[in-house]
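The values are calculated or read from the model by the stated rules, or taken from the named source; none is laboratory data. Small disclaimer: the values here were computed from a predicted structure and weren't measured. Cβ: placed from backbone, ideal geometry, glycine included. Neighbour counts: every protein chain shown. When the accessible area is computed, the model is the full protein with side chains, heavy atoms only, and any ligands, DNA or RNA have been set aside. Shrake-Rupley method; radii C 1.70, N 1.55, O 1.52, S 1.80 Å.
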Amino acid sequence: MTTSSVIERAAGLKRTLAASPQELLIDGKRVAAVSGETFETLNPATGEVLARVAKGAAADVDLAVAAARRAFEQHAWRQMSANDRTNLLLRLADLIERNADELATLECLDNGKPARLTRLVEVEGSIKTFRYFAGWPTKFGGETLPVSPRGGAQILNYTTREPIGVAGLIVPWNYPLSMAAWKVAPALAAGCAVILKPAEQTPLTALRLGELALEAGFPPGIFNVVTGFGEAGAALVAHAGVDKIAFTGSTEVGKAIVRACAGNLKKVSLELGGKSPHIVFPDADLDAAAAAVANGIFFNQGQTCTAGSRLYAHASCFDRIVNAVTDFARKLKVGDGLQPDSDLGPLVSQEQWDRVNSYVRIGRDEGAKLLAGGQRPAGLDRGYFFEPTVFAGATGRMRITREEIFGPVLTALEWADIEDLISQANDSEYGLSAGVWTNDIKQAHRAAAALKAGTVWINCYNLVDPATPFGGFKQSGWGREHGRQAMELYSETKSVWVNLS
Ligand code: NDP
């Protein structure tokens, strides 16, 4: 996309969005909320209203669940061959590709991140996810187990995998389209019907994805989208007609979801917060490590669950690494995501800006040393922009070392002893991911084994792929997305015993 085409497309999208409220998608139709209420979604780069969106709540969730249940039980869906489900998912991936420019621009306007990143991460990432999961329906089956004979009788025992039913998918605002794809793709591949609840800050690409699914040929009611606030998510979680909840978001809401799911013991998977350690050994390629540390925290304005927000650099290279990262932080261009030279866009909302800003104050009050950033960039007077920020002189007890800030704020810590390093790195309620930079292969594998994290990156950071499991230890979540494990999240196993004698 050229700059002028992005700006023109953005202007066209803004006009279309301003013309009428964005309605819910229930049973294959765009409908207003039962209450008739709407809410505003803002452009984080300007703070201006981008669109009015239907404010779904419990009554809308009731309608969506009823539609999903009907569609799920229908012959057309239940009896669809695995091959036909594969073809629908591939068609949806093709349609995302065909509408890639529009989706990338829409996400840039709604979320704020640079358009070239929405294109790469949200759009290309989602296409890849749908294509990957399109491969599973024809390969996801049960097994035959060696239990025969029993008491002289010949016995056949086999297992089947069946779709879990109606799945409620609740996604956050930091990667709106790709988080939706991570859940929708395996759920549909497994044969579920879904109700997607996007975050109130970023509802627009979810609605567009739902429309494209209809265009691809998914039967009405198989893919519903209910926009709204947390109360819509809570209604979905509490609903007795929902068989499974998949959630990405804060640990606090994750815990509330677990409690609420107890009602009908629906299955739950959670991808929650993180405070990931990014570790540099003295023998590492220090230039590459410094670049990765900077990217690991500042990418997506630090609004990434796997953000490498705690740097642990060895005492012998601490100054060099921290100086290089600080240098990166100062050089990164913060600006409107529609501009091609913007490395960082705005934070998603005023609320998130206030949260990040409050942590900068907390860090200073705790006695950490602010080396870079810490405020609104000069010349960007509106929107929710925040400078890439680096703190040094921190201790393991400080709140900026322990709590998820979810913004472009790095806390740098020094280490000298390997045992102490591992215990500091693991001293967190979270366990989502970790990064290790070293050229010593034994050291790398020992660290990977010792770190309590769902993903460990060695001499790389933030690589994800739909083929490899993603999720957290400890309070970073339950279950794993991606790969075969995601198919298991959206299905039940049935064991069948047959007496052949
Ligand atoms: P939330 O956990 O509140 O939001 C995530 C999703 O859950 C949204 O769709 C939200 O809807 C929905 N939701 C909110 N309350 C409920 C509920 N009671 N039952 C069901 N669904 C609910 O995150 P926030 O947006 O408030 O962000 C706060 C912090 O959470 C961030 O600063 C960050 O630390 C962390 N976070 C972590 C993410 C991750 O990737 N692990 C992603 C986003 C946030 P609605 O938007 O309408 O409130």
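Structure above, values below:
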item	result
DSSP loop trypsin sites (Lys or Arg not before Pro) with at most 15 other Cβ within 10 Å excluded, longest remaining stretch of the chain	140-332
Inter-label distance for SER148 and GLU215, nm, one decimal - labels placed 7 Å from Cα along Cα-to-Cβ	5.1
Residues of segment 49-152: accessible area per residue with a 1.4 Å probe, Å²	43
Long-range HN-HN contacts of SER433 with modeled amide H, under 5 Å	LYS275, GLY454, THR455
Added length on full extension, which subtracts the Cα-Cα distance from 0.36 nm per residue, GLU162 to LYS29	45.1 nm
Proximal lysine pairs, segment 9-133, alpha carbons under 21 Å, eight or more residues apart or interchain	4
Size of electric dipole in segment 29-107: Cβ of Lys, Arg +1 and of Asp, Glu -1, about Cα centre, debye, nearest 20	460
Approximate spin-label separation ALA288-ARG98, in nm, with each point projected 7 Å along Cα-to-Cβ	4.2
Computed helical MRE - 222 nm, the chain, DSSP H runs ≥ 4 contributing -39500 (n - 2.57), nearest 500	-12000 deg cm²/dmol
Whole-number percent relative contact order across the chain, with pairs defined as alpha carbons under 8 Å at least 6 apart	18
Whole-Hz ³J(HN,Hα) from phi, Karplus 6.51 cos²θ - 1.76 cosθ + 1.60, for segment 199-215, glycine and proline x	5, 4, 6, 9, x, 6, 6, 5, 5, 5, 4, x, 5, 5, 5, 5, 4
Distance between segment 412-433 and segment 1-69 - C-alpha centres, whole angstrom	43
Long-range HN-HN contacts of LEU371 with modeled amide H, under 5 Å	VAL390, PHE391, ALA392
Qualifying aspartates and glutamates (Cα of each under 20 Å from Cα of LYS494; at least 8 residues distant if same chain)	GLU73, GLU143, GLU162, ASP243
Accessible area of segment 345-501 divided out per residue, in Å², using a probe of 1.4 angstrom	46
Label-point gap, in nm, between ALA416 and LYS331 - each point 7 angstrom along Cα→Cβ	3.2
Per residue accessible area of segment 182-235, 1.4 Å probe, in Å²	17
Qualifying aspartates and glutamates (Cα of each under 13 Å from Cα of LYS275; at least 8 residues distant if same chain)	GLU403, GLU404, ASP427, GLU429
Relative contact order (percent, whole number), segment 249-349, Cα cutoff 8 Å, 6+ residue spacing	25
Length released on extending from ILE362 to THR493, taking residue separation times 0.36 nm less the Cα-Cα span	42.3 nm
Gyration tensor verdict on the chain (Cα atoms; rounded if a/c is under 1.5, prolate if a/b is larger than b/c, oblate otherwise)	oblate
Portion, in percent, of the accessible area of the chain that falls on carbon or sulfur, probe 1.4 Å	52
Positive-end extreme of charge dipole, segment 410-501 - chosen from ALA467, SER495, TRP415 (charges on Cβ)	SER495
Magnitude of the charge dipole, segment 166-287, Cβ model with Lys/Arg +1 and Asp/Glu -1, debye to 20	580
Test item: Cα-centred dipole of the chain, Lys/Arg +1 and Asp/Glu -1 on Cβ, debye	900
Top positive-direction residue, dipole computed over the chain with Cβ charges, set PHE385, LEU88, GLY335	LEU88
